[in-house]
Amino acid sequence: HRCWRPWRVLLLAWLSLGCGIGTAQPSQGVWGPWGPWSACSSSCGDGVAFRTRRCLRSAEEEPCTGDPRQYRLCQLQGCPAGSVPFRAMQCSLYDDKPVLGTPARYRWVPFHGAPNVCDLNCLAVGHNFYYTFGRVLDGTRCGPGSPDLCVSGRCLSVGCDGILGSGARPHTCGRCGGGQDGCLFVHRLFQGTEPSSGYFGYMNVTKIPAGATNIKVTDKSRNYLALMTSNGRYVLNGDWSIAWPGPYEAAGTQLLYARAPDGTESLEAPGPTDEDLHVLVLLQEPNPGIEYEFWLPRGHPQPSLGDTSPLRQPQPRGAGSPPPVGHALSLTMGYGPPPLWGGRCGRCRPPKGRSQRIRHFCQSDFVFQARILARRLVGQETRYEVQVKTPYRHRFPLVPREYVWVPSTCGCPPLLEGREYLLMARRHVNYEHTLNRILLQRDGYARPWSPREDRLVREAARHCAQPR
């Protein structure tokens, strides 16, 4: 019989499966639907609401696994100025009431050094002891400045789904919960060259669609990154006006613009954006490559590699290299012949005397005190980056950072970096309206600024304003 014993074991196992012989595992109950959310636990500021569900099971079934209650954050309008903080209000309910079995009366304020942060630990004012009055009310902050809330005596974090204790966190592309399978990473290098016309100026780099997150754009050159919203409004470095590094608000997110001394720039934004953003580059030299990256929810339309559709742009001021010699140019406002590009250098002939000062002041579109930040030769011209200090006269908009152009490379008038000058210049717009800039003639008025020069130019302003 000993040799038949394994067959007997297999037979019994088969019979138990086929005929129900043996001990069956009890089944578990199932949860019913969630009920409605309760009212918020607070009348202002932060609070919590809860909802419940029932476990549907028979007497033979095991209880359901999970929590029968769920809590969510409810944020209401801010509490009025001077309102007592929620935890302090709970402590104050015990003011002048007997505790500790003695007739002594105390006033109570929150105490944050106790082990359980969700107990109502209150310190007796003027004494060195605290007392625990049970749990704090649901919706009380776990500590000063803490984003977490106390619920049923437990300190719970708020998930990105608004549910307390869910542990849900936003992923790279801004979606709540799930893995990165639902995200699309866009990472490209723009290597476009200068416009075919030969002028330096603005070029489109890419469109960053609405909904993008973790945006980063990097340019390792002396060109300038520019940013435009979907309605054609510049956020950064538009109209040939260079912005200072720092934080900016755009498309519902905060943008951080950084520029290193060697010219390297970066734009970064956490997102998600609520409208399209257009990245451009203001070319001052050949483009070595602009790297950009961002995340999108999968299925979201992404920019194509060949997307070079034109953008509506304001006329840029100071648009780069001049046209070739002999190209038709004209000045607006009817100011004489067009400037001469290049040419041989002779002696600098700065204007002198009171009459010259008055004539230049009256005929200039821009008169201002400026600090010279940088000097650069561009083609047959000299370009100065200046900081506008004091405007005396400007017929057209003048911003704190400007480019001033001199139509030669001769160093006339002589302007030194780091020095401050009083400049009188004209607005120059060419025939095709591709140039709109501040032009300082080679023999234009440019004097080192001083209190005396300030007084003289103000006298010229009064003379120019007199009727003739």
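The values are calculated or read from the model by the stated rules, or taken from the named source; none is laboratory data. Quick caveat, the model's predicted, so the values are computed rather than measured. Neighbour counts are summed over all protein chains in view; Cβ atoms, including those assigned to glycine, are modelled from backbone coordinates with ideal geometry. Heads up: the accessible areas ignore ligands, DNA and RNA and are worked out on the full protein's heavy atoms, side chains in. Shrake-Rupley method; radii C 1.70, N 1.55, O 1.52, S 1.80 Å.
Values for this structure:
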| read-out | value |
| --- | --- |
| Distribution of pairwise C-alpha distances over region 184-296, 5 Å bins, in % | 2, 12, 25, 26, 21, 10, 3, 0 |
| Only Lys, Arg (+1) and Asp, Glu (-1) charged, at Cβ; region 362-405 dipole about Cα centre in debye | 140 debye |
| Exposure rank, largest accessible area first [355, 38; 1.4 Å] | 355, 38 |
| Amide H contacts under 5 Å for residue 287, placed H, 5+ residues apart | 194 |
| Accessible area of region 184-296 belonging to carbon and sulfur atoms, whole % at 1.4 Å probe | 51 percent |
| Karplus-derived HN-Hα couplings along region 204-217 (A = 6.51, B = -1.76, C = 1.60, θ = phi - 60°), whole Hz, x at Gly and Pro | 6, 9, 6, 9, 9, x, 4, x, 6, 10, 6, 7, 8, 10 |
| ³J(HN,Hα), Karplus 6.51/-1.76/1.60, whole Hz, each residue of region 142-156, x for Gly, Pro | 5, x, x, x, 7, x, 8, 10, 8, 9, 6, x, 10, 8, 10 |
| Accessible surface of region 43-83 [probe 1.4 Å, protein heavy atoms]: carbon and sulfur percent | 47 percent |
| More than 18 Å apart - percent of Cα-Cα pairs taken over region 354-463 | 45 percent |
| Mean Cα-pair separation over length for region 184-296, i.e. relative contact order, pairs under 8 Å, 6 or more apart, % | 47 percent |
| Protein-only accessible surface order, largest first, of 60, 420 at 1.4 Å | 60, 420 |
| Set of lysines near residue 216 by C-alpha distance (under 28 Å), chain-local residues within fewer than 8 positions excluded | 207 |
